[in-house]
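So the structure is just underneath, and the comments pick up after that.
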Amino acid sequence: IRRQRQMCIRDSILTEVRGLNKERKFAESLKLLNKAVKKKKSPELFNMLGFVKMNLGKYEEAIQHYQRLETNYPGSPLRLDSVYGAAVCWFRQGKYEEAIQAYKIVVEDSKEANMKTKSLYAIGESYDNLGDYRRSYNYYDKITKEYPQSDEYDLALYAKGWSLYRLEDYEKSYQ
């Protein structure tokens, strides 16, 4: 009974936090989450803490929460969400090599096409930022060939053109 009560409390806190996050009230979310995590740790709390810290621009702290989830709950269904969250933090910090490695894990392990295409696109952007336009082109090309119905399709098509332009392949860049 005690365990069920704790789960209900945690679930109600997570519901409240989700509502605050939708309103972009991340500081208020953080207060609730810090209180909750002192009582009982869970993958949901670590994932949510990472998300909130990321949205507050506290990337290193967010990465720590995401990595705690991975370390303490390797079989959690939220594992790939945490890998993706850490990748976003590294990307926003300009740590593109770290971001690429994390995004590749998501691409390899995810069953969701949406997560795969978002990660493939982010890998392409990372390579663009590193000046490796051939590699960025390859990732954008993969999206346009393998995921034509994805939300990233149009962006990838446009980015492919820019990659080719930067590679001075002008003929192909506007086709």
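Looking across region 93-116, just one residue is within 26 Å of G57 (Cβ to Cβ), charged (D, E, K, R) and assigned to a loop (DSSP other than H, G, I, E, B), and that is K95. Against the conditions (1) among the hydrophobic types (A, V, I, L, M, F, W, C); (2) in contact with a Ser or Thr (Cβ under 7 Å, 6 or more places away or on another chain); (3) modelled with pLDDT of 95 or more, L164 satisfies every one except (3).
Identify all residues within region 126-150 that are in contact with a Ser or Thr (Cβ under 7 Å, 6 or more places away or on another chain) and not β-branched (V, I, T); write none if there are none. Result: Y127, D128, Y133, S136, Y137, Y140, Y147, S150. When we screen S119, S150 for residues that are closer than 25 Å to P77 by Cβ, part of a loop (DSSP other than H, G, I, E, B) and open to solvent by less than 60 Å² (accessible area, probe 1.4 Å), the only hit is S150.
Please determine whether any residue of region 77-92 is open to solvent by 60 Å² or more (accessible area, probe 1.4 Å), among the β-branched types (V, I, T) and assigned to a helix (DSSP H, G or I). No: zero hits.
Residue by residue, here is whether (1) within 19 Å of E97 (Cβ to Cβ); (2) outside any helix (DSSP H, G or I); (3) open to solvent by less than 70 Å² (accessible area, probe 1.4 Å); (4) among the basic types (K, R) holds:
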position: Y127; (1), (2), (3), (4): yes, no, yes, no
position: R134; (1), (2), (3), (4): yes, no, no, yes
position: Y139; (1), (2), (3), (4): yes, no, yes, no
position: A156; (1), (2), (3), (4): no, no, yes, no
position: G161; (1), (2), (3), (4): no, no, yes, no
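Note on region 47-75: residues that are modelled with pLDDT under 95 and assigned to a loop (DSSP other than H, G, I, E, B) total 3.
The values are calculated or read from the model by the stated rules, or taken from the named source; none is laboratory data. As the structure is a computational prediction, the values presented were derived from the model and not from experiment. Here Cβ is always computed from backbone atoms with ideal geometry, including for glycine, and neighbour counts include all displayed protein chains. Note: accessible area is taken over every heavy atom of the protein model, side chains too, but ligands, DNA and RNA are not part of it. Shrake-Rupley method; radii C 1.70, N 1.55, O 1.52, S 1.80 Å.
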